[in-house]
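Each remark here refers to the structure printed beneath this line.
The values are calculated or read from the model by the stated rules, or taken from the named source; none is laboratory data. Bear in mind the structure is a predicted one, so any value in this text is a computation, not a measurement. For neighbour counting, all protein chains shown are included, and Cβ atoms are generated from backbone atoms with ideal geometry for every residue, glycine included. What goes into the accessible areas is simple: the full protein's heavy atoms, side chains included, and nothing from ligands, DNA or RNA. Shrake-Rupley method; radii C 1.70, N 1.55, O 1.52, S 1.80 Å.
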Amino acid sequence: MNEVMFKQQKMIRWLAFVLFGVLALLGHGKAYAAPTCNSPIPSSFTFAVPTGSYGIPRDVPVGTVLTPWTAWQSSATSLWACDYQSGVYIGAALKALIGGKSVKVIGVTTGVGSSFPAYPTGVPGVGLIVQTTTNVGNGGTVSRVQPLYSSWQAPLSQIWYADGPGFTAGFSMKFAFVKTGPMTSGTTMPFGAFASGGVDNAPPANPVGIVSVNLTGVATFNVLACTTPDVLVDLGTQRDTLFTGVGSTSPAVSFNIKLNSCPAGMNTVQYSIAPTTTVVDSSQSVVALDASSNATGVGVQLLNSDGVTALPLSSNLLFSSYSGATGGDYAIPLKARYYQTGSSVGAGRANTSMVFTMTYL
């Protein structure tokens, strides 16, 4: 029996994630006297991260935002009341902490003019990103949305500023989840408490007016992909009289690559087939026999279902039969045959193998 093996490529990667908290700071004076601010009122808030269940195609690019952003969640404009000399810049700086240490997983551009660090969630390949801005009372303006920082930073003149002896301010946050690497299905961990506060000078000055922000909610992510079993193709025992010269072939044998239990919700399904042996003729998709073989003068040709057209090797090909609305079970019909590559053919075992790779977007 002569076999052509098509094996699914499988990779396992492990990523470690930990819990985190956040600090936010307020205040930076140029060359002027530092502002003084009241103790925050109130001293804690509860904000929510995106919740629910989300189906994510396995191969969406790293950096893809996986959930809608939450609405802005606000501490209003009266959290802090500060006094300072005219001309002093005051703004919010924020810091993410895990066990008291800064953590940054990956920078993700979200289309609002900043690169937002993503923080671990307990689900491999999924991070939490945060946008922040300041809520200004009397005497100030907001100039741009800020990321949640992984170290004490406050480019305050770029965030908001005020002129005058009195100032009130707060902050707002919103949250989304983002892909940071190869994903595994799972539910995010509870996030514990964030905290925010004020500084009496440029970072890394000591924070004042610490405020806790408790995050609630978890999200479940389901990685969408079909089940794709290995395929064994029996090309049969062929008489050497079939081969009359280079390019002559044995009869084509039909086989299917099965795509089972495909979920709904994926945009596209692609596949590629790559040889594990030398390509003898790329235009005809002919590959060499493997090391277990002792036949000579032949290779194996891979064909589309028409049995005539060579299937391009190592190329991403669209599987157009997939329905994103329904999902289901599918098959990719193909054919294979022996193909004479030498001036003469010698009898013996004639095996080879290829790897098929599915891509889900």
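For the reader, a short list of remarks on this structure follows.
- Looking across region 256-268, the residues that are out of contact with any Pro (no Cβ under 6 Å at 6 or more places or on another chain) and surrounded by 20 or more Cβ atoms within 10 Å (Cβ to Cβ) come down to Ile257, Leu259, Cys262.
- Cross-chain or 6+ apart pairs with Cβ under 7 Å, region 294-321 first and over 21 Å from Ser250 (Cβ atoms) and at pLDDT 95 or above, then open to solvent by 40 Å² or more (accessible area, probe 1.4 Å) and not in a strand (DSSP E or B): Leu318/Thr268
- Counted as qualifying within region 269-310 are the strands (runs of 3 or more DSSP E) with 2 or more residues that are in contact with a strand residue (DSSP E or B) (Cβ under 9 Å, 6 or more places away or on another chain) and open to solvent by 40 Å² or more (accessible area, probe 1.4 Å), namely 279-281.
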